[in-house]
Amino acid sequence: MDKLSPEILSLILAYVFADAVPVLRRHGLATVSRKWQALVEQRAFSGITIWLNDKGLSGFADAFRSPRRRTLLRRLVVCFNLPTDGKSRRRQDKNNAALTTTLTSLYTYLSTWEPTGRTLDVSLFCDSRGNIPSRRNLTLTQATLPPVPCITSLNIRARKGRSLHPASICTLAAHLPNLQSLTLHVKTPTPSRPELRRTMRTALADGLSTLTLPSLRHLELIESPTPDIHAHSFPCANLCDPADGTDPLNTALRRFSQRTPLTSLTLTDIMISPDLFTGGSDATAPWPTLHVFAIEASALAPSGAWYWTGDPSASRASTPPEDDDDDDGGGGDDDYRYMFPPPLEDDPDDRNSEPESNFAADAVRNGYEPSDEWRDTPDDAALTPLLVAMARAAQRMPNLRAGSLYLEHELEFRAGCTEIAISCAAAGERFARSWDSEDDGVDGVKSGVRRCKVWVDAKYPWAVPEEVREAWREWLGETGMFETGYFRDLHDSESVTGYIWW
């Protein structure tokens, strides 16, 4: 078998490493010869998943004792099994201590690996016993972490009740001097807990403000949101700084993306404000290295204001949910269990524990029920400053290839949503994201001019304010092309487009 051609060897390896082939059959090939051992290990050790406990870490260290095997590893998925369900503060403290000890051990071990010039992507997430998550975030307690130069990509995933605190996330990233890509998943507290929401946003903002990553090229922030607010008169808390009215997180993201050599920035499900694009004494600072940005934002601003308005008398209201124990999914507590995690249980050892949760009542306290949907019209007063700031920011991105902003507003009782999107592209470039029925074809790319397109909802049409057009005209220049169109209808394969040439 050692005399087989590289083409045949490639076919054999592709077959044995297919998902349908048992793992044990793959490992048997490694015993054929030294050559086959090297070929199999090249595939087998390129991606590894470990359960991060004493046994899992020692087994991982034994398997990668050889420097040659370390050079093969490209993807490492780290799963941490929490020792308790975390339903009381005492149990959560135990989880925090275990997580701190184990992650410190992992960082200490990986710090001994020499950088090879090749990429090593690490993904981290936590699991725990039971099905019902708590509201607590996991926190590193007095962690002393060494620098780990071999890691080039970090993806920290989030699950309800098993998510790292934003400060701990930034602590982990801060000790990776060669980090090139960073993906952060952050859980958002429910609207009924405004102080906690404000504290969490400030913690992430503070972490980004002190984070120094000289090699970072790609940043992705995924803010896992709470369920949509269907009670449109629900009083949403103002999460901005009371001193100056700015949002700390949007401001920190802007400044971090400007002082870090990012080439791509992706923000998903965030609460966006003009502070992401401008503000303060450095309002005109540039993004010298940014090539692409893609933003998906919620219908709410950090100030508590909506990007949609309407006629309150035209609402489509529903009755509040009944607090019953039916098993048919029609109003019982189980419907809200995963949307609104329970607080810590009443633990005899925890004097500060919170009372038992009423999930249906939580839905009301968080604006999810009863539905009162009357905001279906984009609000010019709220959207214009945001879209103008985006256009002016594009002018301060000398290497920009493409950018996009998408805002979605769910309307549960109207069987859909209303949405707005805007994409821009440099001459000869595709849109970062397109909402046409077909791919952003070659016509726009071949046009050789800068382009900007705005998509609106055909059911809830919206005219782009003139101030927004004027701001984008400055970026487009004399030959640029401005387009407006409708989002593709589910029953119509064509999108309606209008063209405006400057």
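Results, tabulated for the structure shown:
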{"read-out": "Shape category assigned to the stretch 202-255 from the gyration tensor of Cα positions, a/c cut at 1.5", "value": "oblate"}
{"read-out": "Residues Met271, Met390, Met481 arranged by fewest to most Cβ contacts within 10 Å", "value": "Met481, Met271, Met390"}
{"read-out": "Taking Tyr109, Tyr368, Tyr460 and counting other C-beta atoms within 10 Å, the order from fewest to most", "value": "Tyr109, Tyr460, Tyr368"}
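Quick note: the coordinates plus some simple rules give every number you see, no bench work behind them. As the structure is a prediction and not an experimental result, all values here were calculated from the model. Note: ideal-geometry Cβ built from the backbone for every residue, glycine included; neighbour counts use all protein chains shown.
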